[in-house]
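S.K.: Take a look at the following structure, please.
The values are calculated or read from the model by the stated rules, or taken from the named source; none is laboratory data. Source: prediction; values computed, not measured. Counting neighbours? That spans all protein chains shown, and the Cβs are built from the backbone with ideal geometry, glycine included.
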Amino acid sequence: MSWLSFRVVPAREREAVLAALFEAGAQGVHEDGPALLTHFPPETNVDAVAAAIRIADPGASVSVGRAPDTDWSEAWKNLLSVQMVGNLLIAPPWLASNLDPARTVVVDPGMAFGTGDHSTTRSVVRLMQRIDVREARVADLGAGSAVLAIAAARLGARTVAAVELDPDAIGNATENVERNGVASVVHVIEGDALTLLPLVAPVDVILANIVSSVHLDLLPEMARALSPGGRAVLSGILVEERDMMCDRLSGTGWVGVDEDVEDIWWSATISRR
């Protein structure tokens, strides 16, 4: 029997939908504009997967069809490519053998979020290269696969705390850090960023590729954690949320330093006023 093809358009909780898909057994998720595409074996309980998606995001649109006979447990790898982002390359292991290791971030996403194929990841890496992270103390909040933490190490960061709440992502992040030879710089820590950020403070740079609601919760702790003149790079924010975020940032003592837009996503570098 053919595999099942799922097309999901999240309403508000995109990251929660991604987590629900991986929890249900998806081996990889591909972005098609606002839609998330993935495949499941034919014996999958469609109703159970759809219910999990709608628990994560009640307004999500879910459509299911039949896919051609393909080994989707491997075929999803064909959806990934080498990404050149400024002076850095981001690549999965099977495409990285001929690349310059000094400027390449090699990431096997596994069950964690974070590849160079995602717009928000590229935006953070671009913005990171427009500030000076050499010898900086960095905190990567919601590290996922640790792609941003490793990128910071490649750019010369002194130390990076890669904080991730999802226990299923920790092993993948640790493997990626070791694969890139930056374990002496990047330290993967499991836990809630609200709790852990004060413990790793002070930091010079904060990276946070997470949903806007979590940004709003974290902003007070970010303000306390940043060293004088420090920068925070925020991503995972929809373009339509930009004005709301700018109003909240301005009203809580932040000033915008830089911004980046790709597809439906807005990212920004901010500092304390």
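S.K.: List every residue pair whose Cβ atoms sit under 9 Å apart, with the two residues 6 or more apart in sequence or on different chains, where the first one lies in the range 87-108 and is within 20 Å of Asp132 (Cα to Cα) and the second, anywhere, is surrounded by fewer than 12 Cβ atoms within 10 Å (Cβ to Cβ) and among the acidic types (Asp, Glu).
M.R.: Leu89/Asp100
S.K.: I'd like the residue in the range 83-115 that is of a type in the set (A, V, I, L, M), outside any helix (DSSP H, G or I) and over 21 Å from Gly236 (Cα atoms) and, out of all such residues, is modelled with the lowest pLDDT.
M.R.: So the residue we want is Ala96.
S.K.: Collect the residues in the range 25-69 that are in a loop (DSSP other than H, G, I, E, B) and in contact (Cβ under 8 Å) with a residue 60 or more places away in the chain, keeping them in residue-number order.
M.R.: Scanning the range 25-69 gives Gly28, Gly33, Pro34, Ala67, Pro68, Asp69.
S.K.: Being in a strand (DSSP E or B), touching a residue at least 60 places away in the same chain (Cβ under 8 Å) and surrounded by 20 or more Cβ atoms within 10 Å (Cβ to Cβ) is the filter here; which residues of the range 199-228 pass it?
M.R.: If the condition is that a residue be in a strand (DSSP E or B), touching a residue at least 60 places away in the same chain (Cβ under 8 Å) and surrounded by 20 or more Cβ atoms within 10 Å (Cβ to Cβ), then Val203, Asp204, Val205, Ile206, Leu207, Ala208, Asn209 are the ones that fit.
S.K.: Exactly one condition in (1) within 16 Å of Leu216 (Cβ to Cβ); (2) in a strand (DSSP E or B) is not met by Asp243; state its number.
M.R.: (2)
S.K.: Still on this structure: Does Val163 qualify as being of a type in the set (A, V, I, L, M) and in contact with a Leu (Cβ under 6 Å, 6 or more places away or on another chain)?
M.R.: Judged against the criteria, Val163 is a match.
S.K.: Just to be sure I understand, how many residues within the range 134-153 are in contact (Cβ under 8 Å) with a residue 60 or more places away in the chain and surrounded by fewer than 24 Cβ atoms within 10 Å (Cβ to Cβ)?
M.R.: 2
S.K.: Here's a follow-up. Just the residues that are within 19 Å of Thr120 (Cα to Cα), in contact with a helix residue (DSSP H, G or I) (Cβ under 7 Å, 6 or more places away or on another chain) and hydrophobic (A, V, I, L, M, F, W, C), please, taken from the range 211-231.
M.R.: Val211, Leu216, Leu218
S.K.: May I pose another question? In the range 169-198, how many are assigned to a helix (DSSP H, G or I), hydroxyl-bearing (Ser, Thr, Tyr) and closer than 14 Å to Val138 by Cα?
M.R.: Residues flagged as assigned to a helix (DSSP H, G or I), hydroxyl-bearing (Ser, Thr, Tyr) and closer than 14 Å to Val138 by Cα within the range 169-198 amount to 0.
S.K.: Give all pairs with beta carbons closer than 7 Å in which a residue from the range 252-273 that is more than 20 Å from Leu36 (Cβ to Cβ) and at pLDDT 95 or above meets a residue that is in a loop (DSSP other than H, G, I, E, B) and of a type in the set (Gly, Ala, Ser); count only pairs at least 6 apart in sequence or on separate chains.
M.R.: Partner pairs satisfying both residue conditions: Arg272/Gly253.
S.K.: Which ones in the range 1-18 are buried (at least 16 other Cβ atoms within 10 Å of the Cβ) and either within 12 Å of Thr44 (Cβ to Cβ) or at pLDDT below 85 (or both)?
M.R.: Trp3, Leu4, Ser5, Phe6, Glu15
S.K.: Give the residue that is nearest to Asp166 (Cα to Cα), with candidates limited to residues of the range 5-24 that are in contact with a helix residue (DSSP H, G or I) (Cβ under 8 Å, 6 or more places away or on another chain) and part of a strand (DSSP E or B).
M.R.: Val8
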